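First up is the structure itself, then whatever we jot down about it.
Readers should treat all values here as calculations from the given coordinates under stated rules, not as data from a laboratory. Computed from a predicted structure; not experimentally measured. In this analysis, Cβ positions are derived from the backbone assuming ideal geometry, glycine residues included, and neighbour counts consider all displayed protein chains.
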Amino acid sequence: MKIISWNVNGLRAVLKKGFLDWFEKAGADIVCLQEVKAQREQIPPELENLEKFSFFNLGRKRGYAGVAVYSRKKPIKVETELGLERFDQEGRMLHLKYSGFDLINLYLPQGGRKKENLPYKLEVYEKLLAYLKGKRNVILVGDFNIAHQEIDLARPRQNQKNTMFTPTERERISRLINVGFVDTFRHFHSREKQYTWWPYFYQARERNLGWRIDYVFVSRELVPRVQNGFIFSKVKGSDHCPVGVEIRT
């Protein structure tokens with residue numbers, strides 16, 4: 001089974017940049033999207049039923065956040081709430097329960113350039129860690145808005161005090177790993193420098209001044225079934241690129 005995750009930074013915007021062609025060629029069994037930035041009535045008809053089953057959690061605020069999942073396989077149950085009011089109202093999670101595994105698609109808060117939303121971001125991580133406690137056979141995908149290690153961004157020394165790379169934020173990813181989740185890309189590519197997000201300014205993408213902040217994690221018992229973890233860094237249409245995993249289910 002092939003699962004792909006992509007922060008599209010606007011579903012309607014990426015539609016104009018070849019999204020349908022990409023979707024068809026990707027050949028994924030499940031596609032998870034973040035930052036959809038649309039209300040239900042704004043979803044173009046051609047994006048409603050791209051796959052056999054489609055799910056949206058679009059939140060209350062117009063033009064902000066929102067997640068979606070397209071799946072060839074019907075889930076047993078779908079949940080949308082983490083248990084934190086602000087997070088739940090923003091439409092940042094889809095939890096699909098399948099026979100044999102759970103898939104959780106996440107768009108975690110960025111924190112703000114001036115760290116004005118950092119307490120909220122850290123609170124979300126605390127809630128997420130509690131939410132995951134005791135769960136098995138979990139696949140976590142999405143935009144986590146944290147670069148975990150120095151290898152995960154082009155300029156670590158210059159960003160030590162900046163949002164998405166502060167020690168406090170990085171520790172949240174370490175805790176996720178310590179409770180039993182495995183970073184599938186690093187499992188296969190321990191020393192490779194690849195990024196998933198590039199700022200729009202300073203020609204960052206052309207110069208590859210990027211950050212790896214989009215992940216696919218699996219709970220430890222699923223690792224023997226993981227066949228590959230990858231980043232599609234050449235796919236454009238957003239300031240992020242898709243990431244994914246191949247796994248036997």
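A few notes on this one:
- Contour excess over end-to-end distance, with Cα ends at Arg40 and Glu126 and 0.36 nm allotted per residue: 28.0 nm
- Average projected area [Cα convex hull, segment 1-127], square nanometres: 8.2
- Ordering Phe232, Gln89, Ser190 by the projection of their Cα atoms onto the charge dipole of the chain, which places +1 on the Cβ of Lys and Arg and -1 on the Cβ of Asp and Glu, puts Ser190 at the extreme positive end.
- Spin-label pair Ala13-Gln110: with each label point 7 Å from Cα along the Cα-Cβ axis, the two points sit 1.0 nm from one another.
- Normalised by the number of residues in the chain, the mean separation of alpha-carbon contacts (under 8 Å, six or more apart) gives a relative contact order of 19 percent.
- Peptides ranked, highest mean first, by Cβ atoms within 10 Å: ranges 116-122, 9-15, 92-98: 92-98, 9-15, 116-122
- Theoretical gain in end-to-end length, Glu81 to Arg248 [0.36 nm per residue, Cα-Cα removed]: 57.4 nm
- Helical runs (DSSP H, four residues minimum) scored at -39500 (n - 2.57) apiece and divided by the length of the chain put the mean residue ellipticity at 222 nm at -5500 deg cm²/dmol.
- According to the Cα-based calculation, Rg over Rh for segment 79-168 is 1.01, with Rh computed by the Kirkwood formula.
- Residues whose placed amide H lies under 5 Å from that of Val216, excluding near-sequence neighbours: Thr184, Phe185
- Segment 2-247 pair-distance distribution - Cα-Cα, 5 Å bins, rounded %: 1, 6, 14, 19, 22, 18, 12, 5, 1, 0
- Placing a label point 7 Å from the Cα of Glu51 along the Cα-to-Cβ direction, the residues of segment 90-129 with a backbone N closer than 18 Å are 92-107.
- Residue pairs, from the table Lys77/Lys161; Lys17/Lys133; Lys2/Lys234; Lys97/Lys127; Lys135/Lys236, whose Cα atoms sit over 30 Å apart: Lys77/Lys161; Lys17/Lys133; Lys135/Lys236
- Student exercise, segment 2-247 dipole from Lys, Arg, Asp, Glu Cβ charges, in Debye to nearest 20: 340
- Student exercise, segment 162-249 dipole from Lys, Arg, Asp, Glu Cβ charges, in Debye to nearest 20: 160
- Measure of compaction for segment 143-233 (Cα Rg per 2.2 N^0.38 Å): 1.10
- Inter-label distance, Gln203 to Ile177: 3.4 nm, where each label sits 7 Å from its Cα along the C-beta direction.
- Only one residue of Asn7, Leu47, Asn117 has its Cα farthest out toward the positive end of the dipole of the chain, where Lys and Arg carry +1 and Asp and Glu -1 on Cβ, and that residue is Asn117.
- Separation of alpha-carbon centers, segment 207-249 and segment 119-194, rounded to whole Å: 13
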